[in-house]
1. Using unit Cβ charges (K, R positive; D, E negative) and no other charged atoms, how large, in debye to the nearest 20, is the dipole of the stretch 105-323 about its Cα centre?
2. Once the principal axes of the Cα atoms of the stretch 711-836 are found, what is the range along each, listed largest first in whole angstroms?
3. Which peptide among 201-210, 604-613 comes first, and what is the full order, when sorted by highest mean count of other Cβ atoms within 10 Å?
4. Apply the Kirkwood formula to the chain: the hydrodynamic radius equals the inverse of the mean of 1/r over all pairs of different alpha-carbon atoms; give it in Å with one decimal.
5. Using amide H atoms built in the peptide plane, which far-off residues or other-chain residues are under 5 Å from residue 430 H to H?
6. Under 5 Å between amide H atoms, partner at least 5 residues away or on a different chain: which partners does residue 28 have, H built in plane at 1.01 Å?
7. Could you give the size of the charge dipole of the stretch 349-469 about its Cα centre, using +1 on the Cβ of each K and R and -1 on the Cβ of each D and E, expressed in debye and rounded to the nearest 20?
8. Hey, quick one: spin label on residue 326, modelled 7 Å out along Cα-Cβ, who in the stretch 340-372 has an amide N within reach, i.e. under 13 Å?
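The values are calculated or read from the model by the stated rules, or taken from the named source; none is laboratory data. Here the structure is a predicted model, which means the values were calculated and not measured. For neighbour counting, all protein chains shown are included, and Cβ atoms are generated from backbone atoms with ideal geometry for every residue, glycine included. Heavy atoms of the whole protein, side chains included, go into the accessibility calculation; ligands, DNA and RNA do not. Shrake-Rupley method; radii C 1.70, N 1.55, O 1.52, S 1.80 Å.
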Amino acid sequence: MEYRVAQICKIVKGELLQGAEDRPVTHLLSDSRKLIYPAVSLFIPIVGTHRDGHQYIGELYEKGVRCFLTSRAIPAGEYPEAAFIRVKDTLRALQMLTAWHRQQFHIPVIGITGSNGKTVVKEWIYQLLESDYNIVRSPKSYNSQIGVPLSVWQMQPEHELAVFEAGISMPGEMAHIESIIRPTIGIFTNIGEAHNEGFLNVRQKINEKLVLFTRTEVLIYCKDYPELNECILQFHNHIRRKASDPEKSQRLLTWSARHEADLRVISIDKNENHTRIDALYEGQPVYIRIPFTDDGSIENAIHCWCLLLWLGTPETIIRERMEGLTNIAMRLELKQAVNNCSLINDSYNSDLGSLVIALDFLQQQQQHATRTVILSDILQSGKRDAELYEAVARLLEQKGVNRLIGIGKSISREKNSFLGIAGLQCVFFDSTEAFAEQFRHLSFQNETILLKGARVFAFERISRMLEQKVHQTVLEINLSALVHNLKQYQSLLRPSTRMMVMVKAFSYGSGSYEIASLLQFHQVDYLAVAYADEGVELRRAGITLPVMVMNPEPGTFDAIIQWQLEPEIYSLQMLDLFEQELKKPDIREFPIHIKLDTGMHRLGFEPQHLETLSGLLRRSPHLRVKSVFSHLAASEDPQQDDFTRQQGELFLRMSDTLQKALPYTFLRHIANSAAIERHPDLQLDMVRLGIGLHGLSQPGGPLHEKLHNVSTLRTTVSQLKKIPPGDTVGYGRQGKAPGGMTIATVAIGYADGYIRRLGNGRGHMLVQEQLAPVIGNVCMDMLMLDVSAIPEVQEGDEVIVFGPDLPISRLAEWAGTIPYEIMTGISQRVKRVYFQE
Ligand SMILES: *Cc1c(COP(=O)(O)O)cnc(C)c1O
């Protein structure tokens, strides 16, 4: 649907500051990086505590955007061709606009909230009903104050059913979301016990979530959560009392495995890989079978079942479709692939919304110059093919894709949409088989490949051809968790404080450019590495952020200059050597960072050097001090807080002396992760985030329990053995089995970074979710676990070395070391797999 500026202005009760009233708007843009259709987009600058969207107006104007909301004054004459609508609060205006848009449609709209399962229920509803309705739904888990409006904005006249999920983090938010989604059918999935972040207690959280269902005709939920059930009954009675005709007001559609309910579940039979659920509905026996056996999936499926019953779907059809439910891919994975390629595998569904998300992820990858998309036909979009592939072509163009391999009859037929795009090479195949036959001739080399296809195209076959055989032990890195942690730390900073992220030692073992690309995308201000070659690797992979090098050896000065890296200077001798290097080519104002020693006694200038140092810096035309910094020795330790404060004071005095000597200003910084949490007064102009990014917070600090686990190290059981009483296990016969035992040999050893001290019962791993101790000495490539207490183990089973349920800090305690050593010790032969949820 197309809107005009004047109409939008009226809907959001804004004031048109300048520009044409009849400019068309079809797209909303709240993230400047996601621009696709400049000419018809309305930019909504969101004002956050750390970033103010208004700062991107200039850049977007350059790129052709001509319609803007703003809550600021506009400098006269700066954007002559643009229309500006001024409002008090841009986020509220976005919500008003989308609430208005929603009201143009009179189709069933399903609203889903609850603690867990929202996204799965939404995606399953889509799978179950896509052949009956043209459905619009939230992309991935767009369920926030900004995500919900953008989801609802996708509603178009061709849609027949809408499914949106809603999440909240604070009291008062749901009323806004309700006015935007205005669901006619409600599903409350469940309520978790865990953290009531932002809420007084569980009841307050439930009641806030219930606001979503104020106007629904029906509310579907499970009665087996006592608090949820009580709150819903109260809420429901309140609604009925207020209604003019209580008989026509809201209906509850309940299910329960324990109490009377509309859908009374009688039995849940789990076998190998299916679950059969029998129930009574309106007194009649009914059943479904689903290809899952975990409790979460069973609950999610029953919610969907209730919905289908409410919609009157015939029983045979319900049974058939439930049987066909599939796991929804909640994550995008980045893996190493053949010939130095990287592969993003998203071959589970294909629709425009998920294509946009996958292309954003592709665009963030800077490591290879070439970006390739292997794309199947897009099914069920509700658009005509010509229009659909025209839209896809525009997307590929905007996201800088260099090569398209189209697979399927429809995309092949519409090839003309793609041929005109400059810089895009295309080839097309009718089927996955046809592609596979030609695979050898297509030459994939040093590129990032996005594999995106509808399930029927069986792209697993292609991913098998592209993926490198991986050693069974992999380190999985959750990029979404990393971003979450970054934002948590940012939330503790004053708006003016900048963020440097320490990516030394392969970003604490998790990766180099993979992590740096993500940090660049999320606009941190600085990166820091230990050695010049780490910095060069980042530059080669397209990282353009400023990079500080902490140990710039004289032999690497030329590389530092050539690749625009910024050295840390910690002695007069080094200052002299580096300056000599800049003199010959007469380079001016090269950025450097001055390290002060305030008590750590590692590297850095001491107070007695300051006079000479200031003189040299002031006189040198070749150097420009970007920052002056120092490092804290014990910021994590409450018993050393006096010492930390002394370090802080000495730093301020020393850096003042330098500042007074120089005619320009520089940034000052001293805080590492622990200090960001524990010493907010030491934030200064910038902080240096390290281990915190990886999910390790300070006990008792403001982020404790708020960070997410980033890395999971997994391996597998290679062999199981029964050891007779009295025999021994492993080298040196250190593993004793006086009463006999069952052992599992797993594929990880000290050469992978599993510390040898963890042998002989000190270390444990998770097998079938239970802890099993290491028996005997750790070998180079393997070790043995005592699994006598876990009878269900089988060969090939997964073994978790560390992860969400077995934190690295536990391992570090067992080994008598610190998490840093464990993390950076995981050897490079362990393959890293990255994913985004
Ligand atoms: C590694 C490092 C940091 C980060 O320390 P964390 O404890 O991981 O936050 C900060 N500053 C310097 C100079 C470092 O070497």
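1. Dipole size: approximately 500 debye.
2. 45, 27, 23
3. Details: 201-210: 18.7, 604-613: 15.5.
My ranking of the peptides, most packed first, is 201-210, 604-613.
4. About 30.2 Å, per the Kirkwood formula over Cα pairs.
5. Long-range HN contacts for residue 430: 408.
6. Those lying under 5 Å, H to H, from residue 28 are 42.
7. Using only the charged Cβ atoms, the result is roughly 140 debye.
8. Inside the label zone: 346-351.
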